Structures are given as C-alpha cells and as structure tokens.
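This report refers to the structure that appears directly beneath it.
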Amino acid sequence: MRSTLTRLLAGTAVAAAVVVTVAGTAGATTTPPKAPTTLSIRLGHNTITAGQSDSISGSLLTHKTPLNGRNIELERWLPKLKKWQAFVEKKTGPKGGVEFWVSPAATTSYRLVFPGGPNYRYTHSAVGTVHVKPFVKIATELSIAESATAPIAPGTADTIAGQLTTTKNKDLAGQWVWLATVSNGKAHLVKAYKTGKYGRVSFIVKPKSTTTYELEFRGTPVYAASDSGTVTATVS
C-alpha cells in the first residue's frame, strides 16, 4: 500500500516539474542582436583658407543597406581638453547620406558619429582633418600725378590723378581711393572716389596756397591698403 502511494506521489512530482519547465521555456524571450553599422566620412577640401567653408559628408550603412532618417552627430576634436565635442546634428537622407558645412578658423579634426538605437549598433567614422592656412591679402600699388606742370594762381583748378593696381599689375576697378592733403608729415583726408574701369581715379582741386597731396587706398577684406607718393601743387 505504501509502495503504491509512494509511486503515485513520485509520478505527480515529476509531472509537476515537467509542467514548470515547459512553462518557464514558453515565457522566456530572446533579444535579437543589434545590426552592425558603418559610417564613412568625406571632406570637400583637405585645405582651405581662413574665412572659407568646407563640407563634411558621409553615409550610414548596415551591411550594404543605407539607413535613412537616423541622427548623425558632427564632432570636433578639442586639443586642449583632449576630447571630442558634438556641436551639430542632422538626419540622414534617403540614401543614408548626410552633409555638414564648417568654417574653422584654424586646422581642426572632425568625425561623424551614429549613436545607435534599438536595432542598430553605435559607430563612428574615421577622422577627417580640415587644414586651414592663414589668409593673406593681395598687395596693391597706388600711383599719383598732378596735371599742372608749372605754378598756378590761387584758386586755379588742378587735377590730382592716380591708378590702383595689384603688385602684379592687375587694374582694380570700383575701389574707394581717398585724396588727402599732407602737412607737417600728417595726412588729412579730403574726399573719396571709386576707381574706374582701369583702376584710375582723379580729383579736381583748387588750392589757395601751395599744397601737398597724397592718395590713399584703405584696403578691403581681400586687398591690402596702400598709399601713393606725394605731389605738390605750387601756388604763386
């Protein structure tokens, strides 16, 4: 009797264990691994001049499939802090591409970063360095001449003319040139005109006494400033 009861209880325990094991297997879930990703980087130019802009672009792929609508961060390397800094973000386009424009004042290294997501792994591109060379203004030259070849009477019209060119003899049209009078070694601006088609400019003066003149080009973001020599309108 005891033997039969023992066998029955043992069978019930085994059955219960089987039920628990099966139930536990049915309730378990397995998270699929995240898909690998790759992110390229391309520079529009390896070297630019200070003040210019450069493009940084790349493509996000999983295997060979583009990933669109994904956030990509542009990071720059901070040498003093020895760390990367994310400073702008964009989404990839239909073909997984993204493009940023930068205007670094000095040579700077960049990389693109995909922070990943529920289904895709984190990745970053290689490092691209935009080399920045200093901007050097184009040197200019400014001539000067006086029309009168002999002393003039007080208040008589005289012409002070000049021509603005680069040091490589390129005429500079449409640039402001100042007429100045010079006394005691100091120039005093009088008025300004723009140079004409061939970089020429002229001023009508009517000095009441002997006067020394100078022309001045004060420069632009592209062209360096320059001064002419001096001419003297002698009045007698």
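The values are calculated or read from the model by the stated rules, or taken from the named source; none is laboratory data. Values in this document were obtained by computation on a predicted structure and should not be read as measured data. Every residue, glycine among them, receives a Cβ derived from its backbone with ideal geometry; neighbour counts consider all protein chains shown.
Does LEU43 meet the test of being hydrophobic (A, V, I, L, M, F, W, C) and farther than 21 Å from TYR122 by Cα?
Considered against the rule, which asks whether it is hydrophobic (A, V, I, L, M, F, W, C) and farther than 21 Å from TYR122 by Cα, LEU43 comes out as yes.
Can you pull out every residue in segment 174-213 that is at pLDDT 95 or above, outside any strand (DSSP E or B) and exposed (fewer than 11 other Cβ atoms within 10 Å of the Cβ)?
GLY174, LYS208, SER209 - these are the residues of segment 174-213 that are at pLDDT 95 or above, outside any strand (DSSP E or B) and exposed (fewer than 11 other Cβ atoms within 10 Å of the Cβ).
Determine if segment 129-147 includes at least one residue that is farther than 30 Å from LEU78 by Cβ, outside the structural domain of GLU73 (by TED's automatic domain parsing) and loosely packed, with under 12 Cβ neighbours inside 10 Å.
Within segment 129-147, none of the residues are farther than 30 Å from LEU78 by Cβ, outside the structural domain of GLU73 (by TED's automatic domain parsing) and loosely packed, with under 12 Cβ neighbours inside 10 Å.
Which strands (runs of 3 or more DSSP E) sit wholly inside segment 25-137 and have at least 3 residues that are among the aromatic types (Phe, Trp, Tyr)?
By residue number, no strands (runs of 3 or more DSSP E) qualify.
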